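The values are calculated or read from the model by the stated rules, or taken from the named source; none is laboratory data. Worth saying up front: this structure is predicted, and the values here are computed from it rather than measured. Here the Cβ positions follow ideal geometry from the backbone for every residue, glycine too, while neighbour counts run over all protein chains shown.
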Ligand code: ARG
């Protein structure tokens, strides 16, 4: 089949080359953005008198028909036409004849594909931010509902100090708030219009880039045409925001997986968000959370793939850059699916507050309160730390908790312990008054 660029070629392309270079299997995702960009480009060509209004109208009619064909699954895709840009243009010829050949005036696939990617990333940033918002709402609700639930806070995965469950959930809320801000700032790099840069050097034709910018809703135009076709920073930024987000979701998943074990027994996942084992009838597994943890690795890999892809490229466009699409699309699908599954999973977990409290009581999580009690009596913190450390060691030997020590026993460690030390047992209640949100 004759290629749109076949003028200087004397032989047909080898079938293996066609298959090897084709990106249509994955870049067909960009059809909507490609057609939107082409419509704006045709309108600009008409406005500047490069093509007639009549020609632009025909082109736009054809493009809209093609859009409908793709949406209704009636569009004939084939590797022979390489990518989505060629497919749309070839089809346009079939529909409206030679006037279709005017659409690609003052345009190259290099600025065209860059434009499609910008439009796509802008759209996906808004989508991801919307989904982050939904997850944040669930975390906020969980924090608000669990202000009086006390759990051991951990460092080194060892019980450290009592905290409220609200504080724990709010920590994730804060991470997501930062993620949202990061995605919003990534919008700046995506909100730049490359069209008009053509292959790399612009055009001698009297185009109006600002008009196309306005039609497509971009804030700015690339200042440098070579930069416009060779920049993929906005793709890298999107994936790197996603990698940080996934790192947070993976940590949340890990906390929930631990809490859901029989060893912790702090929560139970709802049946509708857990899975079973094919051999062990008793099993109820946290596969959803494990997959979120696992998928974080995929997104980190995607980031590394695109960074490595770009690092050695000379200016300006190189075909290597076609390889940016699969990591980007995979990142979008992964991030969105994780953000979509978490709200339901989180809002249906059963919180076992008694077990959480028991874990606090069984630990020496209140030791810091005793040290701070002595500090208030005038002892340097390091000495107070040492004294309470000895008390803990004593308690372990005697199989007692700190608050079970009598005043006589306490006074053996420091004469400064007085009757008011009993208030420390109420201290756990004060944890509930920690303001988190
Ligand atoms: N499919 C290509 C890509 O995704 C489109 C641009 C091709 N340009 C070219 N001059 N071969 O990067």
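So here's what we get for this one:
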quantity: Given (1) within 16 Å of the ligand (Cβ to nearest atom); (2) in contact (Cβ under 8 Å) with a residue 40 or more places away in the chain; (3) closer than 28 Å to residue 187 by Cβ, number of the condition residue 47 does not satisfy; calculated: (1)
quantity: Test: residue in region 135-154 that is touching a strand residue (DSSP E or B) at 6+ places or on another chain (Cβ under 8 Å), surrounded by 21 or more Cβ atoms within 10 Å (Cβ to Cβ) and assigned to a helix (DSSP H, G or I); calculated: no
quantity: Options 195, 176, 200: the member that is closer than 25 Å to residue 56 by Cβ, in contact with a helix residue (DSSP H, G or I) (Cβ under 9 Å, 6 or more places away or on another chain) and either in a loop (DSSP other than H, G, I, E, B) or modelled with pLDDT of 95 or more (or both); calculated: 195
quantity: Condition check for residue 192: farther than 29 Å from residue 355 by Cβ and crowded, with 17+ Cβ neighbours inside 10 Å; calculated: yes
quantity: Residue within region 139-153 that is away from the ligand (no atom under 16 Å from the Cβ), within 17 Å of the chain's Cα centre (by Cα) and closer than 30 Å to residue 37 by Cβ present; calculated: no
quantity: Test: residue in region 304-319 that is in contact (Cβ under 8 Å) with a residue 12 or more places away in the chain and over 21 Å from residue 194 (Cβ atoms); calculated: yes
quantity: Selection from region 154-175 of residues that are within 18 Å of residue 348 (Cβ to Cβ) and under 17 Å from the mean Cα position of the chain (by Cα); calculated: 172
quantity: Identity of the residue in region 104-120, part of a helix (DSSP H, G or I) and within 9 Å of the ligand (Cβ to nearest atom), that ends up nearest to the chain's Cα centre (by Cα); calculated: 117
quantity: Residue in region 32-39 that is within 14 Å of the ligand (Cβ to nearest atom), over 25 Å from residue 204 (Cα atoms) and crowded, with 19+ Cβ neighbours inside 10 Å present; calculated: yes
quantity: Members of region 158-172 that are without any contact (Cβ under 8 Å) to a residue 12 or more places away in the chain and within 20 Å of residue 362 (Cα to Cα); calculated: 158
quantity: Positions within region 218-238 being closer than 14 Å to residue 115 by Cβ and touching a strand residue (DSSP E or B) at 6+ places or on another chain (Cβ under 9 Å), in sequence order; calculated: 218, 220, 221, 222, 228, 231, 234
quantity: Condition met for residue 269 (loosely packed, with under 13 Cβ neighbours inside 10 Å and in contact (Cβ under 8 Å) with a residue 40 or more places away in the chain); calculated: no
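Yes/no per residue for (1) under 28 Å from residue 164 (Cα atoms); (2) surrounded by 14 or more Cβ atoms within 10 Å (Cβ to Cβ); (3) within 16 Å of the ligand (Cβ to nearest atom); (4) within 23 Å of the chain's Cα centre (by Cα):
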position: 279; (1), (2), (3), (4): no, no, no, no
position: 297; (1), (2), (3), (4): no, no, no, yes
position: 303; (1), (2), (3), (4): no, yes, no, yes
position: 308; (1), (2), (3), (4): no, no, no, yes
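A quick yes/no check of all residues on (1) within 12 Å of the ligand (Cβ to nearest atom); (2) under 27 Å from residue 218 (Cβ atoms); (3) more than 32 Å from the chain's Cα centre (by Cα); (4) assigned by TED's automatic domain parsing to the domain that holds residue 196:
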| position | (1), (2), (3), (4) |
| --- | --- |
| 51 | no, yes, yes, no |
| 81 | yes, no, yes, no |
| 87 | yes, yes, no, no |
| 101 | no, yes, yes, no |
